[in-house]
């Protein structure tokens with residue numbers, strides 16, 4: 001008695017391939033679109049990074065070669081732009097970095113405290129006109145800062161806050177950034193209410209529930225708020241230019257503007273050098289907070 005063995009087809013061979021053609025495995029067929037996608041992403045990344053790389057290389061060129069050699073290769077290295085730019089203004093550039101740190105820290109702390117409390121109120125508390133208030137809060141996202149800058153300036157001028165950092169920090173303590181409030185509201189809504197009920201059974205009130213139950217679980221959303229607030233405040237030029245006119249109180253964006261003089265020759269080498277220095281804190285914050293940023297965005301978009 002003979003047994004006939006049936007050959008099982010190889011799952012790695014493409015069954016649609018012609019007999020005379022070279023067989024392609026399923027893995028190879030799936031790998032081709034991925035390779036094309038990665039090549040496309042690399043090209044897009046190169047296009048987006050080219051201005052940054054050009055600025056870095058321009059900070060290492062002599063001034064007479066910055067615009068005559070637009071490529072990324074440096075023929076003659078000139079490191080003098082960094083010490084010259086550091087001491088080119090009325091004060092060392094480190095003082096402007098310190099001014100920006102003060103504004104950024106105040107803004108970050110203000111947004112974390114006020115926006116998290118407002119988010120808990122919208123997500124967990126029940127009060128009259130809650131829906132209307134939440135909708136009005138969302139509508140403020142569509143208002144550009146240029147519409148509000150004049151009434152804000154009049155108000156802060158009457159309070160005597162011009163040429164101080166109060167107009168840049170105090171509004172953050174009042175949950176004026178609706179984007180972060182909405183971000184945290186979406187995150188808090190994803191936290192099971194059973195945790196609140198268990199804490200309430202143990203005698204906890206809203207303050208204890210917020211501080212001991214909700215707030216520890218909001219770390220991804222808080223980290224996302226910290227990163228965005230840091231980057232947006234550090235790069236903010238318009239508001240800081242309007243409210244701060246004293247050169248001793250200039251922040252980094254306003255100080256960089258002083259390198260460009262419309263009436264005399266501008267020192268672009270020093271400008272690019274100090275621009276690179278000003279980007280280092282932003283790069284470090286994004287590098288170390290990228291993991292929390294991705295978690296925060298992923299966990300707040302589900303609802």
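The values are calculated or read from the model by the stated rules, or taken from the named source; none is laboratory data. Quantities reported herein were computed from a predicted structural model and do not represent experimental measurements. FYI the Cβ positions are ideal-geometry reconstructions off the backbone, even for glycines, and counts take in every protein chain you see.
When residue 211 is tested against (1) modelled with pLDDT of 90 or more; (2) more than 30 Å from residue 90 (Cβ to Cβ); (3) crowded, with 19+ Cβ neighbours inside 10 Å, just one condition goes unmet, and that condition is (3).
Quick test of your reading of the structure: residue 255 fulfils all but one of (1) surrounded by fewer than 20 Cβ atoms within 10 Å (Cβ to Cβ); (2) over 21 Å from residue 183 (Cα atoms); (3) in contact (Cβ under 8 Å) with a residue 40 or more places away in the chain; (4) over 17 Å from the mean Cα position of the chain (by Cα). Name the failing condition by number. So residue 255 meets the others, but not (1).
Evaluating residue 204 against the criteria (1) free of Cβ contacts under 8 Å to residues at least 40 places away in the same chain; (2) within 25 Å of the chain's Cα centre (by Cα) leaves one unmet condition, (2). Residue selection: residue 121 fails the criterion of being modelled with pLDDT of 90 or more, out of contact with any strand residue (DSSP E or B) (no Cβ under 6 Å at 6 or more places or on another chain) and loosely packed, with under 13 Cβ neighbours inside 10 Å.
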